[in-house]
Every structure is written in C-alpha cells, then in structure tokens.
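Please find one structure pasted underneath; my questions will follow.
The values are calculated or read from the model by the stated rules, or taken from the named source; none is laboratory data. Note that the structure is predicted; figures quoted are calculated from it, not measured. Here the Cβ positions follow ideal geometry from the backbone for every residue, glycine too, while neighbour counts run over all protein chains shown. Note: areas computed on protein heavy atoms with side chains; ligands, DNA, RNA excluded. Shrake-Rupley method; radii C 1.70, N 1.55, O 1.52, S 1.80 Å.
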Amino acid sequence: MYRRANMVSGKGKRRIYSSKYALSSIVYCSKCGDIYRRIAWNNRGKKYSVWRCCTRVTHGPEACEARTIREENLQKAAVEAINQLISESSELKEIIKENIEKAITGNGSSRIKEIDQEMLKGQEELLKVANAKKDYTELADRVEELRNEKEKILLNMAEEKNEQIRLMELEEFLDNQELEIESYDEELVRKLVEKIVVYDEMLEVIFKSGIEIDINK
Ligand SMILES: [Zn+2]
C-alpha cells in the first residue's frame, strides 16, 4: 500500500499499478494451486480472451485439467461479488465495526510491557548468577522464551493492524458506494479483491477484508 501510495506522478495523477490487468496474479487454480494467465483467442475470426491455469498451458491437460474460463465470466463474477457486498452493506458495516473495535481493544501492548519488565529482571538475575559462576541455563531459557513470546505478539499486532486497514478500506468503499456497480472496474478489483479461485462449477471471490463469496460461473 505504501508503495502504491507513492506511485503518484508529477501531475498528481495516480499511475496504473504494476501489471496491466487487475486479474493478473490473483486468479488461482483450485486443482494445482498455480495462477491463471490471460490468453488471447482467435476462434474463426472471433477474438476474445480466456484465462487458463499456467500448469495446464505449460505442461498440458495431463498435468492439470483445470478448466479454461472466459475473461467475460471472470469479470462478471467479480462484479457480482462486489455487488453482493454492496447489497449487504448495512449488515457488513456492523460486522466491520465490531471487528475494528475488537482489534483496538486487543491486549497485546499491555502484555508486551509485562514481558519487557520480566525480561529486564531475568537478564539482571542472569548476570548475577553468571557472575557467581553458577548454572544460568534455566534463566537464559526463560529470557529466550519471553523474547519469542514478544516477537509473536508483535507479529500478531502487525497482522491485526493490516486487517484493520483492510476493513477500514472496505468500510470506506461501502460508505461511498450506495448503488450497485454496472460494469467491470479494474481499479475496484485491484482495491478490493485478494484472490479468485477457479473451481469446476464456481468461482470463489476472496476479498482483502477476508470476506469470501462463491459465484456460479
Ligand atoms: Zn491447475
């Protein structure tokens, strides 16, 4: 996000982010886990684009028999899933609010203070014991344990922060989008969709906020 935020050109206009298509590198094969890639097809003079599993493209159907999907259908699925979010906007906003509050009231930082104090005590004691030429392995283990616990908490807090930002982005989108969208929107897909997984009978649209919606396409 930081990188994207900084990709602003001199005129203050936002540059298109990395790849040409929002769907590039977010569409996944449910069978082999590989990504889908875009292929332009020319069928008896009729031109259209399809997306195919890379494993299948490179190694053939014996390597992966995942289906080919028309770009049109992928785009329609994204639009339908986004519209489902919009139509459930009021319920969603409630859930988002609860989740954001939960993250804020998390007690990670108070536990970290405790750990810091315990670690300090442990290290002081360790020095004393070591200076007295006694066995300090148990104390050293304890300090190490505390350090690991602190690292874990910090990691969790960073993840929670990320999740919170994504939820707030979704909230902001829902606040500004009252009507359902009518056509496929590259920017919106980039902003909201984390992943689309292609199954035989359906597409699973996974949003950055963690919400998953199945679409029959
Ligand atoms: Zn595959």
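So, in the range 15-37, of the ones that are more than 12 Å from Val198 (Cα to Cα), touching a residue at least 60 places away in the same chain (Cβ under 8 Å) and open to solvent by 50 Å² or more (accessible area, probe 1.4 Å), which residue ends up farthest from the ligand (Cβ to nearest atom)?
The selected residue is Tyr17.
For the range 40-61, enumerate the residues that are surrounded by fewer than 13 Cβ atoms within 10 Å (Cβ to Cβ), more than 16 Å from the ligand (Cβ to nearest atom) and on the phi < 0 side of the Ramachandran plot.
Listed by number, the residues that qualify are Ala40, Asn42, Asn43, Lys46, Lys47, Tyr48.
How do the pairs read when you match residues in the range 38-61 that are assigned to a strand (DSSP E or B) and modelled with pLDDT under 95 with residues anywhere that are of a type outside the set (Lys, Arg) and within 10 Å of the ligand (Cβ to nearest atom), using Cβ under 8 Å and keeping only pairs 6 or more apart or on different chains?
Once the first residue is assigned to a strand (DSSP E or B) and modelled with pLDDT under 95 and sits in the range 38-61, its partners that are of a type outside the set (Lys, Arg) and within 10 Å of the ligand (Cβ to nearest atom) give Ile39/Val57.
For the range 62-78, how many residues are touching a residue at least 12 places away in the same chain (Cβ under 8 Å) and either within 9 Å of the ligand (Cβ to nearest atom) or not in a helix (DSSP H, G or I) (or both)?
The total comes to 8.
Go through (1) more than 16 Å from the ligand (Cβ to nearest atom); (2) open to solvent by 50 Å² or more (accessible area, probe 1.4 Å) for Asn83 and report which single condition fails.
Here Asn83 meets the rest and fails (2).
Let me ask something else. Looking at Lys97, is it more than 16 Å from the ligand (Cβ to nearest atom), under 30 Å from Ile153 (Cα atoms) and modelled with pLDDT under 90?
Yes; evaluated as a whole, the condition is true for this residue.
Under 6 Å between Cβ atoms, which residue pairs at least 6 apart in sequence (or on different chains) link something in the range 95-108 that is within 16 Å of Glu171 (Cα to Cα) with a partner that is modelled with pLDDT of 65 or more?
Close Cβ pairs (under 6 Å, with a partner that is modelled with pLDDT of 65 or more) amount to Ile96/Leu167; Ile96/Glu171; Asn99/Leu167; Ile100/Gln164; Ile100/Leu167; Ala103/Glu160; Ala103/Gln164.
Moving on. Which is more than 30 Å from Ile96 (Cα to Cα) and either in contact with a Cys (Cβ under 7 Å, 6 or more places away or on another chain) or loosely packed, with under 14 Cβ neighbours inside 10 Å (or both), of Leu127, Leu155?
Sole residue among the options that is more than 30 Å from Ile96 (Cα to Cα) and either in contact with a Cys (Cβ under 7 Å, 6 or more places away or on another chain) or loosely packed, with under 14 Cβ neighbours inside 10 Å (or both): Leu127.
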